[in-house]
Amino acid sequence: MTQHWIDIKNADVVLIIGSNAAEHHPISFRWVTKAKDNGAVVIHVDPKFSRTSARADIHAHLRPGTDIAFMGGLIHYVLSNKKYFKEYVDAYTNAAHLVGEKYAFNDGLFSGWNADKRAYDRSQWAFELDENKQVKKDPTYKNPRCVINLLEKHYERYNLKNVATTTGIPEKELEVIYGHYASTGIRDRAGTIMYALGWTQHTYGVQIIRTSGILQLLLGNIGVAGGGVNALRGEPNVQGSTDHCLLYHILPGYNPMPFSTQPTLADYNKANTPLATDPKSANWWGNRPKYMASMLKAWFGDAATPESDFGYGWLPKADPSDDFSYMYMFDRAYKGQMKGGFILGLNPAQSVPNSNKVRKALDNFDWLIMMELHHSETTDNWRRPGVDPKKVKTECFLVPSAHRLEREGTISNSGRWQMWHNKAIQEPKGVKSFGDFHVELMNKVIELYKKDGGTLPEPIVNLDWPQKFDADTQAKKNNGYYTKDVTVKDKQFKKGQLIAGFANLADDGSTASANWLYCGGYVEDGKPLYKRRDLTQTAEQAAIGLFPNFSWCWPVNRRILYNRAGVDPDGNPWNPAKMVIAWKDGKWVGDVPDGAWPPMSQEGGKNPFIMTQSGMSQLYGPGRLDGPFPEHYEPVETPITQHPFSKQLSSPVYKFFDSDLDKLAKPADAAFPIVLTTYSMTEHWCGGGETRNVPNLLEAEPQLYVEMSQELAKEKGIKNGDGVIVESIRGRVEAIAMVTVRMKPLTVQGKTVHVVGMPFCFGWTTKGCGDSTNRLTVGVGDPNTSIPEYKACLVNVKKADKLTELA
Amino acid sequence: MPKSFFIDTSKCTACRGCQLACKEWNALDANATKQVGTHQNPPDLNANNYKLVRFNEHVIDGKVRWFFFPDQCRHCLTPPCKIVADSIKEGAITQDEKTGAVLFTAETKGLTKDDFQSIRESCPYDIPRRNEATGLMAKCTMCFERITNGMLPACVKVCPTGTMNFGEREAMLELANKRLAEVKKTFPRASLANPDDVSVIFLLQDDPKYYHSSAVAEAPAPLDRKAFLAKLVGPFGRLARELS
């Protein structure tokens, strides 16, 4: 979130799209409800009329995977009706920046396309730079190469007619929704966008999210109260896990994974430390070398010295073409290229798409170590239905894991608040937390390496590793401390002293911080700021529900990101009644500003989007693999054969696999005419591995269902409550039909498209509840993130003669 | 001071936090359920579910509407169940003077199946249930132990949206009327369900029939015990009048 949960109440229009917020982030609706009480219009755009829609003022049924068409239409509406916030766009976006002559877009493809490599040459999308490597601009917007002009041109095709025939939302409904949302493009109104996995899980998920960035910038909704782009993160602690790099592509604090082409820290820093392209740019990523050196210092302690290149050489390096995300991992396992592994707190046999393939892939492991609360479809894969356990070679070890209520530590909520939670109950004997398990295991490995040696022992034996896991100590290390006595600008700091903020981190080894983002949350021994529960606030803060003394949030306790765009260039809030920050008597008041520099119009003022090279927000963003502007493509499995307004049907760069089990239905496949979308539910958590073992939750949602329209049910001779078979080209699943007015057939390119929806939380280890919906879903992914396209694939539905999975 | 709930269904997202919290606090066993084509599960109130969110969907004026009704005992100001129970076995059903909570006691164990049936039929909201194994009657307790120890009822405590409210009756009535005026601006058919007769006041956005067949009492609830008994017909009514 650019904002935090409470801030949703400040919105005048709430657009929930790609999310079923009421069901999957119930607490968010506390604030949506308050916004409604204050007169906000709540709009829900989603394939299914859900519990969120029930509380929205407007709901529109969107065909799964057509979000870019919908959002592109909104961008077009805002631009063509001149509804954008011109002062904001002029001052804070790259609307006036000139794009180089090599950039072009033709009929679905951007320039630089290389069909053989199935990739773009992104250098062709670069901005035009002057002789000083500063980006060229035309503030009059007369130059046709201005971003704003290219943007307008790109979205010209996204007219109401094209959007309606693509999304299935009638033109009249689109106009009403667009009108409401575009009304926020003025000083004293704000609109917020709430999204979740309904946006990310597509072969163009990143570009969907880009549309919201573009829209919110056009309307001046970034940096203000009640605005923002809000990814809803929840109980799985996605916020904390991305901050601390659960995934392979980054190191903690969003530093990129080192590549084999960067053998030294200097190479790494050169490749990843941008140069400012505007004289007023703060270019914050220019500090990357300090964050990397401090992280390496935290990892390798005294062994991290300038002579050892801070241990950078000990880090594993990926080849630039490598992909270690989980679909690729299970593809390697399926091909017999992996021998064993650890699976902790994850249930891939249930939750990874095309799970029939995953289940077979798991059979290829010689050994697996798994850590779980309960037996799951993964831990018990060796005895899954239809498999003879004697023929499975895998040696499985199941380590009982502590429940999160049985351990203490910090979590990071969606608003980036770092919050401490206590241990509520003592874990049973023999049960370990992930932290305890990891620390003990690694100490044993270190001991063995020290004793027996081995190939490349340095990364292991040089680790600054604790004897025992302690969440508080680790939090302190994330914050960071001085590694020796130093004097900075006449101020003296002692070795071991905690560091006040990431501005104090250095690249010379004098500071250690395992995650620069969290630097500043723990500055005094024994008094971590994340334990604060103080509700003190100023009148201005009270007006927008901002509690600066409650917990702590990254970065530097700034509650609303990009807040220097929430004021005019003189530092006056666009909307004084809901000010986030303001420049008063020579200083900033309100929230922690995005940099302490004076307002833009004053000497020394900096551009507000400090993480970009120019300091301006990016309507045009040349950094992604699939284009600088989001373009609508169809899901890989689509019910239509022709893109409604270009020649390129699906993303030209989506990721896919070539195994015998990675079958794809062809566009408008007659055997699979129905669109399936999949989702979570309130009553079960993710794949259900935990919650299916809670009897009261299973009572409320006991079995797998498929939600379908009355029209489809009639066509197929299915009655509400009937057992049915849902089939894709990859698998077959039993479910109970939930025939409902909440699903409806859509008219797409003049023909009827049926949509069905299924949760994915039911698995065979819970008797009679059904088995993984992901046996149907498709193993294709976004080119930038490799996230799978869980949200759209093709299936067929028929009445079941006999049920076995639901018996 | 009498207490009341105010249940603002215009804010309910049917997250079922209330339904689950009720089960957890009261340590009620889970029922074995099946998916039968609705999210409403278990299908009805029972001895293990004092609180149940009812889901009902309709198309009204061409628009899909989904109604959520977190059903529970209304803790009537003059509880018909108690009047009937008193006529059979004094003490089986009691009403706490201070809070207004209507409570099924351990004495309900002595009631026969037919006695229970009469009590259930007397309830305009079809709330009383019976645990066939123990013979005890069951329903919402207003979380009596919690509220008499300064805590909110479990269902109110967990509600994320402000649907479930609990407090002094006067304050709840004030809140209910304020919200009704607000909701009526968008939903002119909105109403409060029998606010003068019950301690659990529902705000309904639309015609009560969309929510649940027993969302409101069909006839206005009786003013007092005497009037209620006079209304009873058939052999049971005669018996009740004789006993009174």
I need the full set of residues from region A:731-755 which are β-branched (V, I, T) and within 14 Å of chain B (Cβ to nearest Cβ), in order please.
A:V733, A:I736, A:V739, A:T740, A:V741
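Yes or no, residue by residue, for (1) modelled with pLDDT of 95 or more; (2) more than 30 Å from A:I8 (Cα to Cα):
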{"residue": "A:K584", "(1), (2)": "yes, no"}
{"residue": "A:G595", "(1), (2)": "no, no"}
{"residue": "A:L676", "(1), (2)": "yes, yes"}
{"residue": "A:W685", "(1), (2)": "no, no"}
In region B:160-168, is there at least one residue being under 14 Å from the mean Cα position of the chain (by Cα) and among the hydroxyl-bearing types (S, T, Y)?
no
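Tell me, please, whether a residue that is on the phi > 0 side of the Ramachandran plot and without any contact (Cβ under 8 Å) to a residue 60 or more places away in the chain can be found in region B:152-165. Even if it seems obvious, please write down each step before you answer.
Pass one, region B:152-165, residues on the phi > 0 side of the Ramachandran plot: B:162.
The next check asks that each one be without any contact (Cβ under 8 Å) to a residue 60 or more places away in the chain; those that pass are none.
Looking through region B:152-165, none of the residues is on the phi > 0 side of the Ramachandran plot and without any contact (Cβ under 8 Å) to a residue 60 or more places away in the chain.
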Leading residue by the ranking (farthest from A:L803 (Cα to Cα)) among those in region A:699-709 that are facing chain B (nearest Cβ under 10 Å) and surrounded by fewer than 24 Cβ atoms within 10 Å (Cβ to Cβ):
A:E699
Scanning region A:351-402 for residues that are touching a Pro at 6+ places or on another chain (Cβ under 7 Å), crowded, with 19+ Cβ neighbours inside 10 Å and not hydroxyl-bearing (S, T, Y) gives A:P353, A:V358, A:W382
B:C155, sole failed condition from (1) touching a Gly at 6+ places or on another chain (Cβ under 7 Å); (2) within 14 Å of another protein chain (Cβ to nearest Cβ)
(1)
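Okay, residues lined up against (1) part of a loop (DSSP other than H, G, I, E, B); (2) within 28 Å of A:Y481 (Cβ to Cβ); (3) basic (K, R):
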| position | (1), (2), (3) |
| --- | --- |
| A:Y522 | yes, yes, no |
| A:Y530 | no, yes, no |
| A:A542 | no, no, no |
| A:L546 | yes, no, no |
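Determine if region B:127-145 includes at least one residue that is of a type in the set (K, R), under 18 Å from the mean Cα position of the chain (by Cα) and part of a loop (DSSP other than H, G, I, E, B).
Filtering region B:127-145 down to residues of a type in the set (K, R) leaves B:129-130, B:139.
Then keep just the ones that are under 18 Å from the mean Cα position of the chain (by Cα); that gives B:129-130, B:139.
Imposing the further condition that a residue be part of a loop (DSSP other than H, G, I, E, B) reduces the set to B:139.
The answer is yes, given that some residue of region B:127-145 is of a type in the set (K, R), under 18 Å from the mean Cα position of the chain (by Cα) and part of a loop (DSSP other than H, G, I, E, B).
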In the set A:T165, A:T140, which member is assigned to a helix (DSSP H, G or I) and hydroxyl-bearing (S, T, Y)?
A:T165
Count, please, the residues in region A:652-679 that happen to be surrounded by fewer than 22 Cβ atoms within 10 Å (Cβ to Cβ) and within 14 Å of chain B (Cβ to nearest Cβ).
0
Residues that are more than 8 Å from chain B (Cβ to nearest Cβ), within 17 Å of A:N413 (Cα to Cα) and within 20 Å of the chain's Cα centre (by Cα), drawn from region A:20-31
A:A21, A:H24, A:H25, A:S28
Could you check region A:695-779 for strands (runs of 3 or more DSSP E) lying wholly inside it with 1 or more residues that are within 27 Å of A:E377 (Cβ to Cβ)?
A:705-708, A:723-727, A:732-739, A:755-759
For region A:660-669, does any single residue satisfy the condition of being closer than 30 Å to A:L517 by Cα, among the basic types (K, R) and either touching a residue at least 12 places away in the same chain (Cβ under 8 Å) or in contact with a helix residue (DSSP H, G or I) (Cβ under 8 Å, 6 or more places away or on another chain) (or both)?
no
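Please go through region B:13-27 and pick out each residue that is more than 8 Å from every other protein chain (Cβ to nearest Cβ) and either of a type in the set (K, R) or in a loop (DSSP other than H, G, I, E, B) (or both). Don't jump to the end; show me each part of the working.
Of region B:13-27, the ones more than 8 Å from every other protein chain (Cβ to nearest Cβ) are B:18, B:21-22, B:25-27.
Of everything in region B:13-27, those that are more than 8 Å from every other protein chain (Cβ to nearest Cβ) and either of a type in the set (K, R) or in a loop (DSSP other than H, G, I, E, B) (or both) turn out to be B:N26, B:A27.
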Matching residues, region A:369-427, being among the hydrophobic types (A, V, I, L, M, F, W, C) and touching a helix residue (DSSP H, G or I) at 6+ places or on another chain (Cβ under 7 Å):
A:M371, A:W382, A:V392, A:C396, A:V399, A:I411, A:M419, A:W420, A:A424, A:I425
Looking at region A:179-192, is at least one residue surrounded by 21 or more Cβ atoms within 10 Å (Cβ to Cβ) and part of a helix (DSSP H, G or I)?
yes
Return only the number of the condition from (1) modelled with pLDDT of 95 or more; (2) within 29 Å of A:V589 (Cβ to Cβ) that A:A514 does not satisfy.
(2)
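I'm checking my understanding of the structure. Among residues of region B:50-73 that are over 13 Å from B:C155 (Cα atoms) and among the acidic types (D, E), which one is modelled with the lowest pLDDT? Walk me through how you get there before you give the answer.
In the first step, residues of region B:50-73 are kept if they are over 13 Å from B:C155 (Cα atoms); the result is B:54-69.
If we keep only those that are among the acidic types (D, E) as well, we get B:57, B:61.
Working: B:E57: 98, B:D61: 93.
It comes out as B:D61.
Do we have any residue at all in region A:492-501 that's crowded, with 19+ Cβ neighbours inside 10 Å, small (G, A, S) and on the phi > 0 side of the Ramachandran plot? If you could, list the steps in order and put the result at the bottom.
Step one: filter region A:492-501 for residues crowded, with 19+ Cβ neighbours inside 10 Å, giving A:493, A:498-499.
In the following step, the residues that additionally are small (G, A, S) were identified as none.
Checked region A:492-501: no residue is crowded, with 19+ Cβ neighbours inside 10 Å, small (G, A, S) and on the phi > 0 side of the Ramachandran plot.
Collect the residues in region B:7-20 that are among the hydrophobic types (A, V, I, L, M, F, W, C) and in contact with a Pro (Cβ under 9 Å, 6 or more places away or on another chain), keeping them in residue-number order. Before the answer, list the steps.
In the first step, residues of region B:7-20 are kept if they are among the hydrophobic types (A, V, I, L, M, F, W, C); the result is B:7, B:12, B:14-15, B:18, B:20.
Matches in region B:7-20: B:I7, B:C12, B:A14, B:C15, B:C18.
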Boolean, B:T94 is assigned to a strand (DSSP E or B), surrounded by fewer than 20 Cβ atoms within 10 Å (Cβ to Cβ) and under 17 Å from the mean Cα position of the chain (by Cα):
yes
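Right, A:G689: within 26 Å of the chain's Cα centre (by Cα), away from chain B (no Cβ under 14 Å) and crowded, with 19+ Cβ neighbours inside 10 Å or not? So that I can check it myself, show each step before the final result.
Details: within 26 Å of the chain's Cα centre (by Cα): yes; away from chain B (no Cβ under 14 Å): yes; crowded, with 19+ Cβ neighbours inside 10 Å: yes.
For A:G689, the condition - within 26 Å of the chain's Cα centre (by Cα), away from chain B (no Cβ under 14 Å) and crowded, with 19+ Cβ neighbours inside 10 Å - is met.
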Would you mind listing the strands (runs of 3 or more DSSP E) fully within region A:386-490 where at least 3 residues are modelled with pLDDT of 95 or more and under 30 Å from A:Y334 (Cα atoms)?
A:395-400
Residue count, region A:85-125, condition in contact with a Pro (Cβ under 9 Å, 6 or more places away or on another chain), surrounded by fewer than 16 Cβ atoms within 10 Å (Cβ to Cβ) and part of a loop (DSSP other than H, G, I, E, B), comes to 2
Residue check for A:H59: within 30 Å of B:R179 (Cα to Cα), in contact with a Phe, Trp or Tyr (Cβ under 7 Å, 6 or more places away or on another chain) and outside any helix (DSSP H, G or I)
yes
With respect to B:E57, determine if the residue is charged (D, E, K, R), free of Cβ contacts under 8 Å to residues at least 40 places away in the same chain and at the interface with another protein chain (Cβ under 8 Å from one of its Cβ atoms).
yes
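Quick test for you: out of B:P128, B:P70, pick the one residue that is touching a helix residue (DSSP H, G or I) at 6+ places or on another chain (Cβ under 6 Å), under 29 Å from B:Q40 (Cα atoms), within 14 Å of chain A (Cβ to nearest Cβ) and buried (at least 23 other Cβ atoms within 10 Å of the Cβ).
Working: B:P128 fails: within 14 Å of chain A (Cβ to nearest Cβ).
The unique qualifying residue is B:P70.
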Residues (touching a residue at least 24 places away in the same chain (Cβ under 8 Å), closer than 21 Å to A:S680 by Cα, touching a helix residue (DSSP H, G or I) at 6+ places or on another chain (Cβ under 9 Å) and within 11 Å of chain B (Cβ to nearest Cβ)) located in region A:32-59
A:V32, A:S50, A:R51, A:T52, A:S53, A:A54, A:R55, A:A56
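The values are calculated or read from the model by the stated rules, or taken from the named source; none is laboratory data. Because the structure is a prediction, the values reported are computed rather than measured. Cβ: placed from backbone, ideal geometry, glycine included. Neighbour counts: every protein chain shown.
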